[in-house]
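Notes follow once the structure below has been shown.
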Amino acid sequence: MKKNVIGVDVSKEKLDFCLLENGKIIKEWIVANAAESITASLSSLKIDLSQTLVCAEHTGGYTYPLCCACEEIGLDLWLENPAQIKFRNGVQRGKNDKVDARRIAVYAVRFQDEARLFSLPEKNIASIKLLIAERDMYVCDKGKYQGQITDQKRFMPKKDYEQKVARLHRLIEELEQAIVAVERQIEQLVKSNETLNRQYNVLCSVDGIGRQTALKMIVTTNAFKNFKDPRKFCCYAGVAPFKYTSGTSQHSKSRVSQRADKSIKRLLHMAALAVIAHKKGELYEYFLRKVAEGKNKMTVLNAIRTKLIYRMFAVVRNNKFYDKNYDWKLA
């Protein structure tokens with residue numbers, strides 16, 4: 001157990017800190033959300049940093065300067081799910097950044113034995129993650145512009161519509177060039193790293209798994225370091241069904257939870273649909289067999305998503321390309 005705990009409330013411009021020593025508030029202060037400011041502030045504390053745990057809510061990119069600062073000075077950092085902190089702290093009244101920092105610190109003291117220390121992913125994975133987010137933004141914008149071209153034709157004067165379409169086509173062309181440039185940069189980063197390149201190739205050998213799904217799996221799992229068990233990843237991706245029963249009145253069917261990484265779930269769903277669309281292979285036969293037995297199609301699709309996850313973990317674990325004729329009984 002750490003003697004000192006620092007709770008951090010993260011916002012875009014500033015961080016609110018609360019230092020607890022043996023459960024008592026020692027100091028509260030505010031620092032600009034910049035790596036240099038955070039490093040200087042934490043280094044100036046007159047405490048044993050080896051006996052200190054920093055806890056903050058995982059708020060995406062805003063935590064990056066804090067992660068860099070903690071890694072630089074060797075502080076243990078615990079980035080926790082905000083919902084976990086909220087529900088475990090009981091009924092709350094009022095809210096401000098100073099109080100939130102206190103609550104995070106108290107949470108870290110109470111559940112310190114469950115802490116999962118955070119470390120920054122290697123440079124290539126971090127860069128690929130940013131590039132994937134950039135590409136998704138361009139693809140989203142391109143879809144909106146293409147929708148305007150097809151939807152507005154009947155509802156605008158012909159001259160105005162033609163002028164608008166010309167402008168939209170120029171924007172779409174620029175976006176397509178940006179998408180190609182980003183994808184080329186991602187490809188270079190993957191090929192420059194032997195481990196990432198090998199994982200990418202073996203993942204793409206699985207039926208239904210394309211380039212985007214393979215890249216997303218590598219980034220989400222931190223090159224399969226953060227997830228070792230495919231069952232836990234099924235839960236994270238929102239494909240694991242859970243029972244909902246209570247007493248004698250509530251007995252609903254098992255269903256997946258909405259608390260999931262929707263981006264990876266969406267890609268897995270598209271991969272499952274691709275398997276069905278090919279109308280061949282083991283998983284397609286499985287789909288037809290289960291539907292013929294009376295199973296709901298979405299339930300069967302969810303089972304296929306689960307099977308794809310297990311296959312991806314298997315090929316990476318074994319460092320082998322997927323073998324369609326593999327017989328596990330003989331193995």
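The values are calculated or read from the model by the stated rules, or taken from the named source; none is laboratory data. The structure presented is a predicted model; accordingly, all values stated were derived computationally and were not measured. We place every Cβ from the backbone using ideal geometry, glycine too, and count neighbours over all the protein chains shown.
Condition check for Lys95 on (1) within 19 Å of Lys12 (Cβ to Cβ); (2) in a helix (DSSP H, G or I): one failure, at (2).
Only a single criterion out of (1) among the β-branched types (Val, Ile, Thr); (2) modelled with pLDDT under 95; (3) over 15 Å from the mean Cα position of the chain (by Cα) is not satisfied by Val180, namely (2).
Any residue in the stretch 119-126 that is of a type in the set (Gly, Ala, Ser) and under 23 Å from the mean Cα position of the chain (by Cα)? Yes, the conditions are met somewhere in the stretch 119-126. Phe242 falls short on exactly one of the conditions (1) surrounded by 14 or more Cβ atoms within 10 Å (Cβ to Cβ); (2) outside any helix (DSSP H, G or I), and that condition is (1). Candidates in the stretch 4-24 are the residues that are in contact with a helix residue (DSSP H, G or I) (Cβ under 7 Å, 6 or more places away or on another chain) and surrounded by fewer than 16 Cβ atoms within 10 Å (Cβ to Cβ); of these, the one that is farthest from Ala108 (Cα to Cα) is Lys12. Of all residues in the stretch 150-197, those that are without any contact (Cβ under 8 Å) to a residue 12 or more places away in the chain, under 15 Å from Ile132 (Cα atoms) and either of a type in the set (Asp, Glu) or not assigned by TED's automatic domain parsing to the domain that holds Tyr138 (or both) total 1.
For Ile26, the requirement of being within 17 Å of Lys98 (Cα to Cα), assigned to a helix (DSSP H, G or I) and among the aliphatic types (A, V, I, L, M) is not met.
Have a look at Ser257, Ser263 and point out the one that is in contact with a strand residue (DSSP E or B) (Cβ under 7 Å, 6 or more places away or on another chain) and either without any contact (Cβ under 8 Å) to a residue 12 or more places away in the chain or assigned by TED's automatic domain parsing to the domain that holds Cys235 (or both).
Numbers: Ser263 fails: in contact with a strand residue (DSSP E or B) (Cβ under 7 Å, 6 or more places away or on another chain).
On inspection, the qualifying residue turns out to be Ser257.
Inspect all residues belonging to the stretch 214-226 and state whether any of them is assigned to a loop (DSSP other than H, G, I, E, B), free of Cβ contacts under 8 Å to residues at least 12 places away in the same chain and not aromatic (Phe, Trp, Tyr). Checked against the condition, which is being assigned to a loop (DSSP other than H, G, I, E, B), free of Cβ contacts under 8 Å to residues at least 12 places away in the same chain and not aromatic (Phe, Trp, Tyr), the stretch 214-226 yields at least one hit.
Residues satisfying the criterion are present in the stretch 125-132 (criterion: assigned to a helix (DSSP H, G or I), touching a Lys or Arg at 6+ places or on another chain (Cβ under 8 Å), surrounded by 14 or more Cβ atoms within 10 Å (Cβ to Cβ) and not assigned by TED's automatic domain parsing to the domain that holds Phe227). Yes or no: Glu80 modelled with pLDDT of 90 or more and acidic (Asp, Glu)? Taking the combined requirement at face value, the residue satisfies it. Could you say which residue among Val31, Val54 is surrounded by 15 or more Cβ atoms within 10 Å (Cβ to Cβ), β-branched (Val, Ile, Thr) and in contact (Cβ under 8 Å) with a residue 24 or more places away in the chain? Checking each option against the conditions leaves just Val54.
Among residues belonging to the stretch 1-23 that are under 31 Å from the mean Cα position of the chain (by Cα) and small (Gly, Ala, Ser), point out the one that is nearest to Asp97 (Cα to Cα). Among those that are under 31 Å from the mean Cα position of the chain (by Cα) and small (Gly, Ala, Ser), it is Ser11.
One line per residue, one yes/no per condition, for (1) touching a helix residue (DSSP H, G or I) at 6+ places or on another chain (Cβ under 7 Å); (2) surrounded by fewer than 18 Cβ atoms within 10 Å (Cβ to Cβ); (3) under 20 Å from Pro230 (Cβ atoms):
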residue	(1), (2), (3)
Leu273	no, yes, no
Lys295	no, yes, no
Thr299	no, yes, yes
Ile304	yes, no, yes
Leu308	yes, no, yes
Phe321	yes, yes, yes
